[in-house]
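Below is one structure; the comments refer to it alone.
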Amino acid sequence: MRVRRKRRLLRCMRKSRELQSVQNNTAAIRPGDVLLVSTVRNERIRLPYFLNYYRDLGIDHFLFVDNDSSDGTLDFLSGQRDISVWHTSKSYKSATFGVDWMNWLKRTYAHGHWVLVVDPDEFFIYPFCDTRPIQALTDWLDNSSIRSFSAMLIDLYPKGKIDEIPYVEGQNPLEIANWFDSGNYTIKKNPEYGNLWIQGGPRSRVFFADQPKKAPALNKIPLVKWNRRYAYVSSTHTLLPRGLNQVYEEWGGEKASGALLHTKFLDTFTQKAAEELTRKQHYANSIEYKAYAETVKSQPDLWCKWSEKYINWRQLEILGLMSKGNWA
């Protein structure tokens, strides 16, 4: 595992040559700032609400990799003082689906900082997020000597056809996609890395109904007190050193955890799925996007009689999808 981690770090340094700085405001990063890192491509319509959401949550600085957007994403991000941006036209797939680029950014700029790694359609929630900024969470984690914090990915979807209600730039996507599966999840331990592997939800139920074991993983460890010796291996599912994956109690009890509200299923989804299927830049030869493209032809309604409407983090805690643990 130590050799694997060193290879990951060497790989990210080599892949850093593919990044061109567009706007580097990292000199403004202060000790104790909480950072957010993300790779984006043609997400201009989502970014205004995304940035407002995370600024309100308490994020101090954003580090973006723009993977050759053609919709004005770069122009929109430029000129904002709490944002640093790098551009690349190189292969997302050959950069381990963006992991190598982001590992380099964190190694270079985030040593000693709490870092949140999310996609533009993911919204991080945690216990008391409605009343406490993210710095309250990171302070508690520091005081508890906890280095990593998990969040289960919860797929949200509208009631009715995915493209029935158009999404408007700047809009809260939860105004449209606000239903989720309260059950229908499987969980197992990955013996190699020690992380949990969670599958299920509407993507398993609808898009991978015949092959549920091939459904996307829902386990994430998006928040980490970064050290330049750390490295993500597979998206934010798996980390090295392996101890960072120990985000659960093995002998009973609960550790605090959060959730990532995943708002992929808006009216923009059909076009995005078709584009990504053509690019073939995603995991396992884009098997996920093949399933999406094939299923959306029938304009599916992801809602079912067991769907539950999202209210707040306390609802997810009651359902056992996240926990406040011993944080009071």
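The values are calculated or read from the model by the stated rules, or taken from the named source; none is laboratory data. Being a predicted model, the structure only gives us computed values, none of them experimental. FYI the Cβ positions are ideal-geometry reconstructions off the backbone, even for glycines, and counts take in every protein chain you see.
Look at the stretch 83-103: where a residue is without any contact (Cβ under 8 Å) to a residue 40 or more places away in the chain and a partner is not hydroxyl-bearing (Ser, Thr, Tyr) and not in a helix (DSSP H, G or I), sitting 6+ places away or on another chain with Cβ atoms under 8 Å, you get Ser89/Asn67; Ser89/Asp68. Looking at the stretch 203-222, which of its residues are part of a loop (DSSP other than H, G, I, E, B) and over 21 Å from the mean Cα position of the chain (by Cα)? Within the stretch 203-222, Ala209, Asp210, Gln211 qualify. May I ask you to list the residues in the stretch 228-240 that are surrounded by fewer than 16 Cβ atoms within 10 Å (Cβ to Cβ) and either within 20 Å of the chain's Cα centre (by Cα) or modelled with pLDDT under 95 (or both)? If the condition is that a residue be surrounded by fewer than 16 Cβ atoms within 10 Å (Cβ to Cβ) and either within 20 Å of the chain's Cα centre (by Cα) or modelled with pLDDT under 95 (or both), then Ser234 is the only one that fits.
Of everything listed in (1) at pLDDT 95 or above; (2) part of a loop (DSSP other than H, G, I, E, B), the single unmet condition for Gly252 is (1). Restricting attention to the stretch 22-53, the residues that are within 20 Å of the chain's Cα centre (by Cα), of a type outside the set (D, E, K, R) and under 21 Å from His111 (Cβ atoms) add up to 6. Restricting the search to strands (runs of 3 or more DSSP E) fully inside the stretch 95-163 and requiring at least 1 residues that are at pLDDT 95 or above and among the aromatic types (Phe, Trp, Tyr) gives 114-117, 122-125. Scanning the stretch 52-94 for residues that are aliphatic (A, V, I, L, M) and in a strand (DSSP E or B) yields Leu63, Val65, Ile83, Val85.
Taking the stated definitions as given, is Asp210 within 28 Å of Asn67 (Cβ to Cβ), surrounded by fewer than 19 Cβ atoms within 10 Å (Cβ to Cβ) and at pLDDT below 95? No, not satisfied.
Considering only the stretch 177-184, I want to know if a residue exists there that is in a loop (DSSP other than H, G, I, E, B) and farther than 30 Å from Pro48 by Cα.
Initially, the stretch 177-184 is screened for residues in a loop (DSSP other than H, G, I, E, B), giving 177-178, 182-184.
Now drop any that are not farther than 30 Å from Pro48 by Cα, which leaves 183-184.
Among the residues of the stretch 177-184, at least one is in a loop (DSSP other than H, G, I, E, B) and farther than 30 Å from Pro48 by Cα, which makes the answer yes.
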